[in-house]
Amino acid sequence: MSSAKMIQPDLDFVKEITAQGGGESLKKCFQCATCSVVCNLTHSDKPFPRKEMLWAQWGLKDRLMGDPDVWLCHQCSDCTAYCPRGAKPGEVLGAVRKMSIRANSWPGVLGGLVGSPAGLLPLFLLPVFIFGAIIMGLGRLDHLHGPIVYEKLMPIPAVDTVFILTALFACLSFFLGVTKFWKAMSDATGKTGAQGSVIPSIVETVKDIIAHKRFDKCDVAKGRASAHKFVFWGFAGLAVVTTVAIIYLYGFHWESPYDMKNPVKWLAFVSMLSLLYGIFSVIANRNANAEKAGKGGYFDWLFIYIIVGVALTGTLSWGIRLLDIAPLAYTIYFFHLVFIFCLFAYAPFSKMAHMVYRTTAMVFARHTGFDK
Ligand code: SF4
Ligand code: SF4
């Protein structure tokens, strides 16, 4: 005889989802399953996102927080476009992902600040204060005469110290968050994959991500995948540039600015253009498909605008230095540092965390056989 299983709904969780940008339409869902039928990424066994819509309506927080499918969704919005009730399942899953990032991130207070418009000003002022204090403390404003060299404003050891500490903080926060997330997925699915090495799953997942294999299966917002590729490759190029610059500086004592013939300079330029083109394509795509696919909430747009800030100030600080307009060039460079700080220090709490959490969920699904 089968025994009835009691479910314990968390009504506050339901209210929380519907209060998020993207989650407002949750209650319109009447469980027709069209979304699961049209989703090109779902598996045939226990397909998403219909079941997630039900769990969200019932307030089954633990299931959703440990559900790899929430992250295997790439927010292509095919389901949102076809939902006959306008329940926007792609957007609802986006709201659940935002809550998942906040639930797993450490320290939690930063998760709350990054997710709320009220946190914008203090989060932006923090790096302004840090870099401003370094400049004033070292009296760098008195060193700015002559040719434009950004090191005159902000010495490289000071920049390196701030960003190494920022990177260490972000890595620690991600490590704690991902560990908690992996445990939540194991508890919720009952799968651990404890028998074999996780390395092959990591390698295959990274290959998928580089090729954007899953994202390319989108139908409605196809441009979203190609725009994402430009952003991805822009970041990858800039990561190579940063690594080479560190080797130049600490291995060979070669300081920037580099000669125009140096390929690193051109890689930086092309990567920055790729980032700019990609992020403006993301914006155009979101606006063009807003009605069919949803436009995203504050959380999505904050991340987009931080990338715009990094790419624009990076390109302008390069161009205006060539035009030799010192006050403007130094000001833009200052804000370039501020935007880079925002991008990396707040990465574990912002939409950028999707890069790490989605990768973790993909590795988990492969390693444990969850998506079979
Ligand atoms: S979200 Fe829309 S398409 Fe999916 S089950 Fe609900 S009503 Fe149907
Ligand atoms: S947004 Fe795309 S990937 Fe996500 S559930 Fe909907 S159709 Fe599937």
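The values are calculated or read from the model by the stated rules, or taken from the named source; none is laboratory data. Computed from a predicted model, the values in this text were never measured in an experiment. Here the Cβ is made from the backbone with ideal geometry for all residues, glycine too, and neighbour counts use every protein chain on show. Ligands, DNA and RNA are excluded from the accessible area calculation, which covers all protein heavy atoms including side chains. Shrake-Rupley method; radii C 1.70, N 1.55, O 1.52, S 1.80 Å.
Out of VAL241, PRO327, ALA361, whose Cα points farthest toward the positive end of the dipole of the range 108-368 (charges: +1 Lys, Arg; -1 Asp, Glu; placed on Cβ)?
ALA361
If each DSSP helix of 4+ residues adds -39,500 (n - 2.57) and the sum is divided by the residues in the chain, what number results at 222 nm, nearest 500 deg cm²/dmol?
-21500 deg cm²/dmol
Lysines near LYS152 by alpha-carbon distance under 23 Å, same-chain residues fewer than 8 away left out - which ones?
The reachable lysines, counting only those whose Cα sits under 23 Å from LYS152, are LYS265.
Treating the beta-carbon of each Lys and Arg as +1 and of each Asp and Glu as -1, no other charges, what is the dipole magnitude of the range 26-125 about its Cα centre, to the nearest 20 debye?
Dipole magnitude for the range 26-125 comes out near 280 debye.
Ignoring ligands, DNA and RNA, please state the percent of accessible area on the chain from carbon and sulfur, probe 1.4 Å.
Exposed carbon and sulfur together represent 68 percent of the surface.
Towards the positive end of the charge dipole of the range 180-327, with charges on Cβ (+1 Lys, Arg; -1 Asp, Glu), say which of THR189, GLY251, ASN262 has the farthest Cα.
Comparing the listed Cα positions along the dipole, THR189 ranks first.
Cα axis of helix 120-137 to longest principal axis of the chain: angle in degrees, 0 to 90, nearest 10?
20 degrees
Show PHE230, PHE349, PHE174, PHE124 ordered by accessible area, largest first, where the area counts protein heavy atoms only and the probe is 1.4 Å.
PHE230, PHE124, PHE174, PHE349
Using a Gaussian network model of the chain whose springs link C-alpha atoms within less than 10 Å, name the residue from PHE181, PHE129, PHE344 with the highest mean-square fluctuation.
Maximum among the listed residues: PHE129.
Cα centroids of the range 20-42 and the range 169-198: how far apart, whole angstrom?
Result: 27 Å between the Cα centres.
³J(HN,Hα) across the range 7-15 via Karplus (A = 6.51, B = -1.76, C = 1.60, θ = phi - 60°), whole Hz, x for Gly/Pro?
9, 10, x, 10, 5, 5, 5, 4, 4
Pull out the extension gain between LYS27 and SER226, defined as 0.36 nm times the separation in residues minus the alpha carbon to alpha carbon distance; nm, one decimal.
68.4 nm
Rank ARG85, ARG102, ARG214 by accessible area, highest first, at a 1.4 Å probe radius?
Ranked from most to least accessible, the order is ARG85, ARG102, ARG214.
In a shell of Cβ-Cβ distance under 10 Å around GLY94, excluding GLY94 itself, what net charge do Lys and Arg (+1) and Asp and Glu (-1) give?
That works out to +2.
Enter the Cα centre distance for the pair the range 201-252 and the range 132-163, rounded to the nearest angstrom.
Using only Cα atoms, the two centres lie 31 Å from each other.
In degrees, nearest 10, range 0 to 90: what is the angle between the Cα axis of helix 89-104 and the longest Cα principal axis of the chain?
Here the helix axis deviates by roughly 70 degrees.
Find the Cα radius of gyration of the range 11-104, compare it with 2.2 N^0.38 Å by division, and give the number to two decimals.
Normalised Cα radius of gyration, the range 11-104: 0.94.
From Cα pairs below 8 angstrom and at least 6 apart in sequence, can you work out the relative contact order of the range 108-368, rounded to a whole percent?
Normalised by residue count, the contact order of the range 108-368 is 31 percent.
Given the chain, what whole percent of its Cα pairs are spread farther than 28 Å?
Everything past 28 Å amounts to 49 percent.
Let me check I've understood the local charge: for GLN195, count other residues with C-beta under 15 angstrom from its C-beta, Lys and Arg +1, Asp and Glu -1. What total comes out?
After counting each charged neighbour, the total is +3.
Listed here are the pairs LYS27/LYS372; LYS207/LYS229; LYS222/LYS292; LYS51/LYS88; LYS28/LYS217; which of them are more than 20 Å apart at the Cα?
As for pairs spanning more than 20 Å Cα to Cα, those are LYS27/LYS372; LYS28/LYS217.
To the nearest 20 debye, what charge dipole does the chain have about its Cα centre, counting +1 at the Cβ of each Lys and Arg and -1 at the Cβ of each Asp and Glu?
It comes to approximately 920 debye.
Relative to the first principal axis of the alpha-carbon coordinates of the chain, what is the inclination of helix 354-368, with its axis defined by its Cα atoms, in degrees from 0 to 90 and to the nearest 10?
So the helix axis and the longest Cα principal axis differ by about 50 degrees.
Given a 1.4 angstrom probe, what's the average accessible area per residue across the range 11-104, in square angstrom?
38 Å²
Taking the Cβ of GLN31 as the centre, find all other residues whose Cβ is under 13 Å away and add up their charges (Lys, Arg: +1; Asp, Glu: -1).
Cβ neighbours under 13 Å give a net charge of +4.
What is the diffusion coefficient of the range 37-90 in µm²/s, taking the Kirkwood radius over Cα pairs and the Stokes-Einstein relation at 37 °C with a viscosity of 0.692 mPa s?
Using the Kirkwood radius from Cα pairs, D works out to 287 µm²/s.
Just to confirm my understanding: which cysteines in the chain have no other cysteine beta carbon less than 4.7 Å from their beta carbon?
Isolated Cys, the chain: CYS29, CYS32, CYS39, CYS73, CYS83, CYS171, CYS342.
Of VAL310, ALA81, LEU141, which is farthest towards the positive pole of the chain's charge dipole, taken about the Cα centre with +1 and -1 on the beta-carbons of Lys, Arg and Asp, Glu respectively?
Positive-most Cα among the choices belongs to ALA81.
Which order do LYS207, LYS51 take by accessible area at a 1.4 Å probe, largest first?
Sorted by accessible area, descending: LYS207, LYS51.
Tell me which aspartates and glutamates have Cα within less than 16 Å of LYS295's Cα, excluding those fewer than 8 residues away on the same chain?
Cross-link targets: GLU24, ASP78, GLU91.
Tell me whether the range 255-323 comes out rounded, prolate or oblate; compute the Cα gyration tensor, take square roots of the eigenvalues as a ≥ b ≥ c, and use a/c under 1.5 as the rounded threshold.
The shape class here is prolate.
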